[in-house]
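Participant: My questions will all concern the structure given below.
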Amino acid sequence: MLVAILIICGSMNVLAQDEVKYCMSYSEFANDQWTTATDEVKVEAISALKRRIVQSSDFKINTGDKKLNKKFNKDVFALKIGDALVVNCRKFRYQGVPFGPGYAYAFRYDGNKLCVVNRKIGKGNLLLAGATSVLPVKPGIVAAYGLTELQLANKVCYLVDSDVDSKGKTRIQLMNDAFMNELLAGNEELKEQYYAGADLMGRESASNVLDILNKAGLIK
């Protein structure tokens, strides 16, 4: 079970320093091809204010070296810190809207795909980065994965299952009602749990979706 252990360092959340590995593309991730980082690599939280201004994801990489910082923040695809996984969202777009720079929590999904936890973006959606919690958070998910309520607040899940194409685009799907209905077809028990006592925002929240994916054995 993946456990992302967090420590507080001043006003920043920094992923506890374990062995750090990285990959440069979705293909390398899918084929579990990782390179061990030989330099110190810190994953630091981007402040809520800066996330609102820059419209970024949650984390940035700090190595203490400008050249290496550029490599990790612009070119690297994903990082593993111990068992925790974060993915670079700089090149991701959904409905034409960029995720923005920075890294976000992610999970290996169904073997060789990615489940990325980020704010809800796309046509007609307001930027929620750093906003007061609106979407509900299930305590079980907080305990199982070591994520805090703040890190799950106002977050949804996206499926990434392709490398960048010739036009620089990556295939990304929002794990919404339509996605979950198709996924859970034939599994009425989990489908009932997905819909249990929740409005649309609650159902599609990262907390609810991760809970169902975890019970289905699809994420790690």
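The values are calculated or read from the model by the stated rules, or taken from the named source; none is laboratory data. Values in this document were obtained by computation on a predicted structure and should not be read as measured data. Heads up, the Cβs are rebuilt from the backbone with ideal geometry, glycines too, and the neighbour counts pull from every protein chain shown.
Participant: Would you pick out the residues in the range 155-203 that are under 22 Å from the mean Cα position of the chain (by Cα) and at positive phi?
Facilitator: If the condition is that a residue be under 22 Å from the mean Cα position of the chain (by Cα) and at positive phi, then Gly168 is the only one that fits.
Participant: Considering only the range 199-216, state which residues are of a type in the set (Asp, Glu) and over 17 Å from Asp110 (Cα atoms). Explain how you work it out, then say what you get.
Facilitator: Quick first cut of the range 199-216, residues of a type in the set (Asp, Glu) only: 199, 204, 211.
Passing the criteria: Asp199, Glu204.
Participant: Can you name the condition, by its number, that Gln151 falls short on among (1) modelled with pLDDT under 70; (2) within 18 Å of Tyr103 (Cα to Cα); (3) part of a loop (DSSP other than H, G, I, E, B)?
Facilitator: Failing condition for Gln151: (3).
Participant: State all residues of the range 32-83 that are among the aromatic types (Phe, Trp, Tyr), part of a loop (DSSP other than H, G, I, E, B) and more than 22 Å from Tyr94 (Cα to Cα); if no residue qualifies, say none. If you could, list the steps in order and put the result at the bottom.
Facilitator: First pass over the range 32-83, keeping only residues among the aromatic types (Phe, Trp, Tyr): 34, 59, 72, 77.
Remaining after also requiring part of a loop (DSSP other than H, G, I, E, B): 34, 77.
Trp34, the sole residue that qualifies.
Participant: Please tell me if Leu210 is modelled with pLDDT under 95, surrounded by 14 or more Cβ atoms within 10 Å (Cβ to Cβ), in a helix (DSSP H, G or I) and not charged (D, E, K, R).
Facilitator: Numbers: modelled with pLDDT under 95: yes; surrounded by 14 or more Cβ atoms within 10 Å (Cβ to Cβ): yes; in a helix (DSSP H, G or I): yes; not charged (D, E, K, R): yes.
So Leu210 fits the description; yes.
Participant: Still on this structure, please answer the following. Within the range 47-80, can you find the residues that are buried (at least 18 other Cβ atoms within 10 Å of the Cβ), more than 14 Å from the chain's Cα centre (by Cα) and hydrophobic (A, V, I, L, M, F, W, C)?
Facilitator: Ile61, Phe72, Val76 - these are the residues of the range 47-80 that are buried (at least 18 other Cβ atoms within 10 Å of the Cβ), more than 14 Å from the chain's Cα centre (by Cα) and hydrophobic (A, V, I, L, M, F, W, C).
Participant: Read through the list (1) of a type outside the set (Gly, Ala, Ser); (2) at pLDDT 90 or above; (3) in contact with an Asp or Glu (Cβ under 9 Å, 6 or more places away or on another chain), then give the number of the only condition that Phe107 fails.
Facilitator: Condition not satisfied by Phe107: (3).
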